[in-house]
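Structure, as structure tokens:
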Amino acid sequence: MKKVLIFEDEPTIIEAIKQELIKWQYQVDAIIKWEQVLEQVQAFKPDLILMDIFLPAFDGFYWTQKLREFTKIPIIFISSADLNQNAVRALMIGADDYLVKPFTLELLVAKIQALFRRLDQHKEEYNLNFANYQLNQLTNELSKGTIVVKLTPTESLILKLLAINKGEIVTKIKIIQALWQGNNFIDENALNVNISRLRTKLEPLGLKEKLVTIRGKGYLLVL
């Protein structure tokens with residue numbers, strides 16, 4: 001269930017948005033302690049933030065800049081301030097969309113759904129799924145369930161080649177050529193070292209023994 005956090009100080013607006021999003025199977029919460037905003041964000045771990053401009057103590061621009069210091073959580077501004085410069089400023093500091101009050105709840109839901117669709121498509125482009133594993137090619141993290149292993153870019157590319165050719169022998173020459181195209185200029189000895197390190201990192205995920213060396217030919221990922 002996707003989680004949405006609301007930065008808004010008008011109770012009637014909060015309640016209206018909350019009730020509408022709950023109908024669409026979103027988990028919704030709102031900032032209630034303005035002296036502990038970042039703590040509430042970190043505790044709730046939202047998938048998306050709805051941000052008003054005019055807020056107690058600090059405005060939405062301030063909080064967006066603070067959030068962008070440590071997170072890429074999508075942010076949609078919802079504000080009665082319809083000046084073009086406000087929308088431009090919001091987008092320039094890291095917001096993903098801008099919606100002017102008053103707006104219909106149907107439009108808000110449509111904006112949220114469209115943003116999540118774009119994010120899901122973006123994730124699919126960079127996530128390689130094989131068997132029960134997922135390789136994030138942006139962060140070079142390999143995961144299975146709650147277990148996550150951090151790989152180097154070189155190890156990540158080697159594993160990608162083996163995964164997309166699972167069940168087939170991938171020659172050392174093919175791996176080295178692929179690494180050279182990615183500006184990783186390694187020789188066969190360096191490749192052997194990387195394979196050894198990769199095997200060690202794969203052990204917590206139960207993949208160590210599945211990375212097989214075919215003597216004189218190359219490597220094989222058996223899944």
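Here, each number is a calculation from the coordinates, and none is a lab measurement. None of these values were measured; they are calculated from a predicted model. Counting neighbours? That spans all protein chains shown, and the Cβs are built from the backbone with ideal geometry, glycine included.
Once the Cα atoms of helix 153-164 and of the chain are each reduced to a long axis, what angle between those two axes, in degrees from 0 to 90 to the nearest 10, is obtained?
Once rounded, one gets 80 degrees.
Might you report the magnitude of the Cβ-based charge dipole of the chain about its Cα centre, with Lys and Arg at +1 and Asp and Glu at -1, to the nearest 20 debye?
About 1340 debye.
How far is helix 188-202 tilted, in degrees, relative to the longest principal axis of the Cα atoms in the chain, given as a value from 0 to 90 rounded to the nearest 10?
Around 50 degrees separate the two axes.
When Arg215, Arg199 are ordered from fewest to most other Cβ atoms inside 10 Å of their Cβ, what list results?
Ordered by Cβ neighbours within 10 Å, fewest first: Arg215, Arg199.
For the range 33-161, give the share of DSSP beta bridges that are antiparallel, in percent and rounded to the nearest 5; count only bridges with both residues there. Don't skip to the answer; put the middle values down first.
Details: 11 of 18 bridges.
Within the range 33-161, antiparallel bridges account for around 60 percent of the total.
What is the angle, in °, between the Cα long axis of helix 105-126 and the longest principal axis of the Cα atoms in the chain? Nearest 10 is fine, range 0 to 90.
On a 0 to 90 degree scale, this one is about 10.
List Trp180, Trp63, Trp34 from most exposed to least, where exposure is judged by having the fewest other Cβ atoms within 10 Å. Could the numbers behind the result be given before it?
Values: Trp180 11, Trp63 23, Trp34 14.
Neighbour counts put them in this order, fewest first: Trp180, Trp34, Trp63.
What label, among (1) 1.34; (2) 1.01; (3) 1.20, belongs to Cα Rg over 2.2 N^0.38 Å computed from the structure on display?
So the calculated entry is the one marked (1).
Would you pull out the residues with amide H under 5 Å of Ile6's amide H, same chain only if 5 or more places away, H placed 1.01 Å from N?
Here the answer is Asp29, Ala30, Ile31, Leu50, since their amide H atoms fall under 5 Å of that of Ile6.
Give the relative contact order (percent, whole number) for the chain; include only Cα pairs under 8 Å separated by 6+ residues.
Relative contact order comes out at 12 percent.
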